[in-house]
């Protein structure tokens, strides 16, 4: 259910009720501009992943800086984006079942909406709904480039499925979806480079085969915040799907660069604002953000700007801070910023972003696709 | 944001779109009745924890079977419950900050609403708001009985804080909150028994001290699904806060009974219904429920009723099933039931329960307090 926002526009940060999902607008805008600028003199398009933010307001800001559109994972997310004014959405996922396919076909009348496929029977099902709705649905072949999740294997299986799509009267073969999910959080630079080199090899092999058989492939789309520079330089990828760069998870900040130092291309701009609700002894304090307010699937959140204070355990509605300094002045009522280990599922816990600049609430954006799992 | 329900009343189960949060109504009702019946000849009251279900419809069903009221963790949850017709709510948590205290005071005009405290300054702040709103707020002293989270230590600190509450003109000393959270998921029967025996000792010591100083304590409230029978038999607890018993997490089903066998007092009644969206090879399949649809903080979900199929990894919107049987017939489009490792945070991901009986959708209930973190 939609909750009421934890702040009013114009409030000072200190007045914001907690837990609240804060965006540091200066850092956020720097992140948007940095990635856009790094691609501006290339022929590589940016299609940021909206599964990170679930918010049409942010999608439109990304497109205003040059993104060709956005991606999402679910038909219901695509609805929230299109109904929020986003004109171009790629659902980077297989869509199974008549109800979802009808919803996707209905969206194709309003915006450029495409889907992925990795199975011939599914392609036939998409075609059937497209014909029923009298629309043409663009379909990407999803290629398994190493994540071992969805997707067909490179080479012959790609060609076979692309032919099915090409032959279907209600569909258009749109390109290759080639996202290497499991490479994104590999810590070492060389290991990430090698993983993407292997993905590039699989894509190249498939592109050659498609070309030889007269099926041109204009778009190869993929990449995430952890590896996008490798795909950008690959010569085969021409569309990038990075999403987390806008917020920067604590976990992504553990990736290492060429010199073995933490990658610092983007700044942390998303925070869970939380209040100290108990300080029973000198060794620990308890805050009001547990794992119903900050996702812990990729590790505990970091405590922003406080040395010697560590978020060590989350229960549903409590976070336990271990205090390593004997003279730590943390008191009940103090408000603290947490950097989420994983931003995407954290965003999915909230209905509102509270956008802050210079310690003042400047904007409150609805997270329209929160809970859009269908 | 509120999403549309994944089903219509009257549909067959097979028609329900996925991911959906299903309640097996027969199993759910058996669970409600079993716990109510086990307490019916005792003087121990039941106050189930609504943090599990976040739904006034369920709270009212629990009260119809004899529960005196429910608990919750957040003021915004209490609002959702009271506005949904629940007349008696204990917020088993410290409430910090004027905004939240005002919201709590406002609720006290509509229903019996109580809060907890573990700090004298916080007690003064609650009193100030109570006087400002011209209400009397019942306050429980939270006692640390072993979880080492919030709460004062037993004995003298309990007495000191109870005196502060008793002396505050806007407050009423209501009793002791004595929940041993970390004991709930301890596997061994003896270890759980010992943990609760230690909690009972701390409560008894505090009760004696309060009595000797003329501060009678009528309610000792606590306990969870993992240990409630120990508290029920303790002679000092007279109110139980079990919550998860209605749904039964996979994780709770790993607790062992006196004979070293898994505890089977309650049945699994909550499921995440999910569709197979990819079957790229014989070794694995991918379903459309990742950790944005089923919480993994207490382990992966179990696959219901399918031998040789294991949910081994969750990404945001995908679940990977490892298939150990060579002849497994799982196909794209098949719908599967998952038993969540942890029900409470799983419920918090959805806006709707789909209540099913005899494979037919009988009811759809709104999860009104979903996302209520304030």
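Tell me whether the stretch A:222-232 contains one or more residues that are touching a strand residue (DSSP E or B) at 6+ places or on another chain (Cβ under 8 Å) and within 20 Å of residue B:286 (Cβ to Cβ). Scanning the stretch A:222-232 turns up at least one residue that is touching a strand residue (DSSP E or B) at 6+ places or on another chain (Cβ under 8 Å) and within 20 Å of residue B:286 (Cβ to Cβ). Filtered by the rule that a residue be assigned to a helix (DSSP H, G or I), away from chain A (no Cβ under 14 Å) and buried (at least 17 other Cβ atoms within 10 Å of the Cβ), the stretch B:62-101 gives B:62, B:63, B:82.
Where residues in the stretch A:338-355 are touching a helix residue (DSSP H, G or I) at 6+ places or on another chain (Cβ under 8 Å) and either facing chain B (nearest Cβ under 7 Å) or not in a strand (DSSP E or B) (or both), which of them is nearest to residue A:84 (Cα to Cα)? Per the criteria, the residue is A:344. Taking the criterion of being in contact with a helix residue (DSSP H, G or I) (Cβ under 7 Å, 6 or more places away or on another chain), away from every other protein chain (no Cβ under 14 Å) and buried (at least 22 other Cβ atoms within 10 Å of the Cβ), the only residue of the stretch A:108-119 that qualifies is A:113.
Against the list (1) in a loop (DSSP other than H, G, I, E, B); (2) buried (at least 24 other Cβ atoms within 10 Å of the Cβ), the condition residue A:186 fails is (2). On inspection, residue B:226 does not qualify as outside the structural domain of residue B:298 (by TED's automatic domain parsing), surrounded by fewer than 22 Cβ atoms within 10 Å (Cβ to Cβ) and either at pLDDT below 95 or in a loop (DSSP other than H, G, I, E, B) (or both). Remark: residue A:178 falls outside the filter, which requires a residue to be in the same structural domain as residue A:137 (by TED's automatic domain parsing), over 20 Å from the mean Cα position of the chain (by Cα) and touching a residue at least 12 places away in the same chain (Cβ under 8 Å). Note on the stretch B:19-46: residues that are in contact with a helix residue (DSSP H, G or I) (Cβ under 9 Å, 6 or more places away or on another chain) and part of a loop (DSSP other than H, G, I, E, B) total 2.
Report yes if some residue within the stretch A:15-22 is under 30 Å from residue A:234 (Cα atoms) and either touching a residue at least 12 places away in the same chain (Cβ under 8 Å) or not assigned by TED's automatic domain parsing to the domain that holds residue A:348 (or both); otherwise report no. The answer is no, given that none of the residues of the stretch A:15-22 is under 30 Å from residue A:234 (Cα atoms) and either touching a residue at least 12 places away in the same chain (Cβ under 8 Å) or not assigned by TED's automatic domain parsing to the domain that holds residue A:348 (or both). Counting only residues that are in a helix (DSSP H, G or I) and closer than 18 Å to residue A:240 by Cβ, the stretch A:147-181 holds 1 of them.
Criterion applied to A:162, A:178, A:130, A:147 was being surrounded by fewer than 24 Cβ atoms within 10 Å (Cβ to Cβ) and away from chain B (no Cβ under 13 Å), and the one residue passing it is A:130. Every listed requirement among (1) buried (at least 20 other Cβ atoms within 10 Å of the Cβ); (2) touching a strand residue (DSSP E or B) at 6+ places or on another chain (Cβ under 8 Å); (3) within 14 Å of chain B (Cβ to nearest Cβ) is met by residue A:283 save one, (1).
Okay, residues lined up against (1) within 14 Å of another protein chain (Cβ to nearest Cβ); (2) buried (at least 23 other Cβ atoms within 10 Å of the Cβ); (3) in contact (Cβ under 8 Å) with a residue 12 or more places away in the chain; (4) within 20 Å of the chain's Cα centre (by Cα):
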position	(1), (2), (3), (4)
A:103	yes, no, yes, no
A:121	yes, no, no, no
A:124	yes, no, yes, no
A:137	no, yes, yes, no
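Applying the condition of being more than 9 Å from chain B (Cβ to nearest Cβ) and crowded, with 21+ Cβ neighbours inside 10 Å to the stretch A:356-374 and asking which residue is nearest to residue A:225 (Cα to Cα) yields A:356. Taken together, the criteria exclude residue A:270 from residues that are within 13 Å of chain B (Cβ to nearest Cβ), buried (at least 23 other Cβ atoms within 10 Å of the Cβ), under 18 Å from the mean Cα position of the chain (by Cα) and within 19 Å of residue A:28 (Cβ to Cβ).
The values are calculated or read from the model by the stated rules, or taken from the named source; none is laboratory data. From a predicted model like this one, the values you see are computed outputs, not experimental measurements. Cβ atoms come from the backbone with ideal geometry, glycine included; neighbour counts cover every protein chain shown.
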